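What follows is a short report on a single structure.
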C-alpha cells in the first residue's frame with residue numbers, strides 16, 4: 001500500500017461543494033478516507049499544505065502538442081512537462097498534426113506515445129473533417145470508439161453549414177461534443193490582426209470581429225436545431241459574448257472558453273510588430289476585453305484554457321504577415337488568470353476559477369477528472385495564491401519560447417502537481 005496525506009490545506013473541491021481546511025488522503029493512487037490506511041505504521045508520505053489551496057487536478061482542454069509531425073515545436077513529452085509545471089494534470093490535445101488525427105490509427109499512436117512519455121493525462125481529440133479540409137466528414141464514430149473525448153477542426157473552421165450540421169448530428173449519435181474554432185473565411189480574408197485602429201495605423205490586414213461572430217451564431221443555431229453540445233473555442237469579441245449569453249439563457253447547448261492572452265492583452269500590443277503577439281483569433285480592442293471579463297463574471301464564458309500553440313524561434317522570426325499564429329501558455333495561464341481575475345479585477349473568486357478549470361471541462365467532455373471525490377483518481381494541484389513570481393521564458397519546460405509574457409510579474413501559481421498519487425512536478 002502506498003499512502004500520502006496532504007495536511008492543513010484549504011481543500012477547494014467544487015464538484016462536491018467543498019471549501020474548508022482539511023487533510024486529503026491518497027491511497028494507491030486514489031482519493032481515500034483516512035480509514036483506508038490500514039497500517040498506520042507503514043511509510044506514509046506527508047505533504048504540508050499550510051497556506052496552500054488543495055484543488056482537483058486542473059484540466060486544460062485546448063492544447064497543441066504538435067506530435068505527430070512537428071516535434072521541433074513541441075513533443076507530447078515536453079508538452080506534458082509544461083502542463084505539469086503549470087498545475088495541469090489533464091490536457092486535451094488538438095488534431096491539427098501531421099498526419100491529422102482523423103483516423104483511429106493516429107489516435108492510437110497518440111495514446112501510446114502519451115502512455116509511454118507523458119507525465120500527465122493526455123486526452124486526444126479527432127478531426128471533424130478528413131485532413132481538417134472542411135470538405136468531407138471524418139469517421140466520427142470510429143474516432144469515438146478509438147477514445148477521442150471530442151471532435152474539432154481547431155485551427156480551421158468548417159465553412160459548409162450543411163456539412164457542419166451533419167457533423168453535429170453524427171457527434172450526437174456517438175455522444176461526443178463538438179469544439180469549434182469560429183472563423184468565417186470570407187469575412188476574415190487574409191486578416192492577421194484585429195480590424196480596428198491599430199490594423200489601420202500599421203497597415204496590417206484586419207480580422208473583423210464579425211468573422212468570429214458569424215460562426216458563433218451559426219453554432220448556436222445548429223446546437224439548437226440538433227439538440228447537441230457545441231463548444232466555441234477561444235472566444236474574443238463583445239458580440240460573441242452577447243450572442244452566447246442570450247442563447248444560454250434559452251437553454252441552448254452552447255458553451256465557450258476564454259484564453260489568457262485575450263483578456264490580458266489588447267491589439268495595442270502589436271504596434272512593435274512583435275510576432276509573439278500574433279494569434280488566431282487576434283488580440284481585440286479594450287471594449288472586447290471588458291465584455292470577456294463580464295462574460296466570465298456572469299458565467300456566460302464557463303471554461304478557461306490556454307490554446308497552447310508552440311512554434312520554433314525560426315518560424316516566428318519573420319515578417320509579421322508571414323509568421324504563424326499562436327503562443328505557448330500552459331506554464332503561465334494559471335498565474336495570469338489568478339492575477340487578473342481574482343486579485344486585480346475580482347471578477348470571480350478562486351473557487352470559481354478552480355471550477356472553470358475542473359468541473360466545467362470535465363462535465364463538457366464527460367471525463368472522470370476534476371474532482372476530489374472518494375475513489376476518484378488522485379490528480380491534485382497545490383496552489384499558492386499569494387506567491388509572487390516572474391516569468392522567465394528560458395526556464396520553461398515547453399520546447400518552444402513563443403510567449404509575450406517574458407518578464408511579467410504575477411501573483412499566484414501552482415507549486416506541486418500530483419497525478420495518480422505521484423508528484424510529477426514540484427516548485
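Below are the figures for this structure:
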{"read-out": "Spin-label model distance (nm) - residue 395 vs residue 39, 7 Å beyond Cα toward Cβ", "value": "4.0"}
{"read-out": "Highest average packing first - 324-330, 49-55, Cβ atoms within 10 Å", "value": "324-330, 49-55"}
{"read-out": "Rounded tilt (10° steps) of 76-86 against the dominant C-alpha axis of the chain", "value": "70"}
{"read-out": "Fewest-first ranking of 397, 162, using other Cβ atoms within 10 Å as the exposure measure", "value": "162, 397"}
{"read-out": "Full-extension gain in nm, residue 16 to residue 274, via 0.36 nm per residue minus C-alpha separation", "value": "88.5 nm"}
{"read-out": "Cα shape, the range 57-365, gyration tensor, a/c 1.5 rule", "value": "rounded"}
{"read-out": "At R0 = 45 Å, FRET efficiency that the Cβ-Cβ distance of residue 173 and residue 286 yields, to 0.05", "value": "0.55"}
{"read-out": "Shape call, the range 299-427: gyration tensor on alpha carbons, a/c limit 1.5", "value": "prolate"}
{"read-out": "Per-selection metrics, the range 26-80 (Cα): Rg and Dmax in Å", "value": "18.2, 50"}
{"read-out": "Relative packing of peptides 206-214, 346-354, 242-250 - highest average C-beta neighbours within 10 Å first", "value": "206-214, 346-354, 242-250"}
{"read-out": "Distance between modelled label sites at residue 408 and residue 130, nm, 7 Å Cα→Cβ extension", "value": "4.2"}
{"read-out": "Ranking of 100, 241, 174 by count of other Cβ atoms within 10 Å, fewest first", "value": "174, 100, 241"}
{"read-out": "Between helix 104-117 and the chain: long-axis angle, C-alpha atoms, 0 to 90°, nearest 10", "value": "40"}
{"read-out": "Distance between the range 353-415 and the range 167-246 - C-alpha centres, whole angstrom", "value": "26"}
{"read-out": "273, 337, 320 arranged by Cβ crowding within 10 Å, fewest neighbours leading", "value": "273, 320, 337"}
{"read-out": "Computed helical MRE - 222 nm, the chain, DSSP H runs ≥ 4 contributing -39500 (n - 2.57), nearest 500", "value": "-8500 deg cm²/dmol"}
{"read-out": "Two-site label geometry, residue 115 and residue 344: point separation in nm, points 7 Å out along Cα→Cβ", "value": "4.4"}
{"read-out": "DSSP-defined antiparallel bridges as percent of all bridges, the chain, nearest 5", "value": "50"}
{"read-out": "Cα gyration tensor shape of the range 379-427, rounded if a/c is under 1.5, else prolate or oblate by comparing a/b with b/c", "value": "oblate"}
{"read-out": "Potential lengthening between residue 162 and residue 108 on full extension [0.36 nm per residue; Cα-Cα distance subtracted]", "value": "16.5 nm"}
{"read-out": "Degrees between helix 238-249 axis and first principal axis of the chain (Cα, 0 to 90, nearest 10)", "value": "60"}
{"read-out": "Residue-span extension gain [residue 48 to residue 224] - 0.36 nm each, minus C-alpha spacing", "value": "58.5 nm"}
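None of the figures in this text is laboratory data; all of them are computed from the coordinates on show. Treat the numbers as computed from the prediction; the structure is a model and nothing was measured. Cβ: placed from backbone, ideal geometry, glycine included. Neighbour counts: every protein chain shown.
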